[in-house]
Amino acid sequence: MADYTDITADIKAKLEEIPGIGRVYDYERQVVDLGKFIGMFQDNAGKICGWEITRAQVTEKWLTSVYEAQNRMVVRGYMGLQDAVKSSVAFQTLVNAVRAKFRAAQPADPNQGFIYQDGDSPDHSPVQVPVIGDRMYGSVLCHYVEIHIAVKERTVA
């Protein structure tokens, strides 16, 4: 059986391989002060670009001698909007890089007990992007995305 932290660590490591990805956290950041929240995703030059990973859903079924769990992991991305430098293009390029990274991804350790797969059909991509847009965080306008990554794990009973 895969541990939640094994899955998030693997996703984080893969994200950090993408050039220009920014700060990546393997957990959902939570603070009351929006300024502090934005600060968590800023680099040393003050540019906002960051990602956080969490799990939104787990469905489980019994298959004779194993439990199979389908996890819906959510990667949320933030980038400060700067129209003059076409930040929307840079952000969409990063979204595509994340999609490409997980489309045929394999766990770094094949013995961890999980794979990147949506259901039983090999025709289903494990990565979907249901939300892309812009959001205000306090007085800061940011590009925002939610990328869903399907992770299937099996546990012998």
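The values are calculated or read from the model by the stated rules, or taken from the named source; none is laboratory data. The structure presented is a predicted model; accordingly, all values stated were derived computationally and were not measured. For neighbour counting, all protein chains shown are included, and Cβ atoms are generated from backbone atoms with ideal geometry for every residue, glycine included.
Here's the yes/no breakdown for (1) in contact (Cβ under 8 Å) with a residue 60 or more places away in the chain; (2) of a type in the set (Lys, Arg); (3) under 22 Å from residue 37 (Cα atoms):
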position: 104; (1), (2), (3): no, no, no
position: 117; (1), (2), (3): no, no, no
position: 125; (1), (2), (3): no, no, no
position: 130; (1), (2), (3): no, no, no
position: 136; (1), (2), (3): no, no, yes
position: 141; (1), (2), (3): yes, no, yes
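If the condition is being aliphatic (A, V, I, L, M), modelled with pLDDT under 90 and in a strand (DSSP E or B), then the range 132-157 contributes only 156.
Entry remark, the range 69-93: residues being free of Cβ contacts under 8 Å to residues at least 60 places away in the same chain and within 22 Å of the chain's Cα centre (by Cα) number 6 in total.
Conditions tested, residue by residue: (1) closer than 15 Å to residue 148 by Cα; (2) loosely packed, with under 15 Cβ neighbours inside 10 Å; (3) in contact with a Pro (Cβ under 8 Å, 6 or more places away or on another chain).
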position	(1), (2), (3)
70	yes, no, no
74	yes, no, no
93	no, yes, no
101	yes, no, no
107	no, no, no
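Among 146, 153, which is surrounded by 12 or more Cβ atoms within 10 Å (Cβ to Cβ) and closer than 21 Å to residue 38 by Cβ? The match here is 146. Restricting the range 109-126 to residues that are assigned to a loop (DSSP other than H, G, I, E, B) and exposed (fewer than 15 other Cβ atoms within 10 Å of the Cβ), the residue that is modelled with the highest pLDDT is 109.
Residues in the range 19-68 that are within 17 Å of the chain's Cα centre (by Cα), surrounded by fewer than 17 Cβ atoms within 10 Å (Cβ to Cβ) and hydrophobic (A, V, I, L, M, F, W, C): 40, 56, 58. Taken over the range 1-36, the criterion of being without any contact (Cβ under 8 Å) to a residue 40 or more places away in the chain, within 29 Å of residue 111 (Cα to Cα) and assigned to a helix (DSSP H, G or I) is satisfied by 5, 9, 16. Of the residues 39, 80, the single one that is over 28 Å from residue 118 (Cα atoms) and at pLDDT 95 or above is 80.
Condition check ((1) over 26 Å from residue 142 (Cα atoms); (2) assigned to a helix (DSSP H, G or I); (3) in contact with a strand residue (DSSP E or B) (Cβ under 9 Å, 6 or more places away or on another chain); (4) not aliphatic (A, V, I, L, M)) across all residues:
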| position | (1), (2), (3), (4) |
| --- | --- |
| 38 | no, yes, yes, no |
| 58 | yes, no, yes, no |
| 61 | yes, no, yes, yes |
| 74 | no, no, yes, no |
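Taking only the range 77-91 into account, find how many residues are in a helix (DSSP H, G or I), surrounded by 11 or more Cβ atoms within 10 Å (Cβ to Cβ) and not aliphatic (A, V, I, L, M). Residues flagged as in a helix (DSSP H, G or I), surrounded by 11 or more Cβ atoms within 10 Å (Cβ to Cβ) and not aliphatic (A, V, I, L, M) within the range 77-91 amount to 3.
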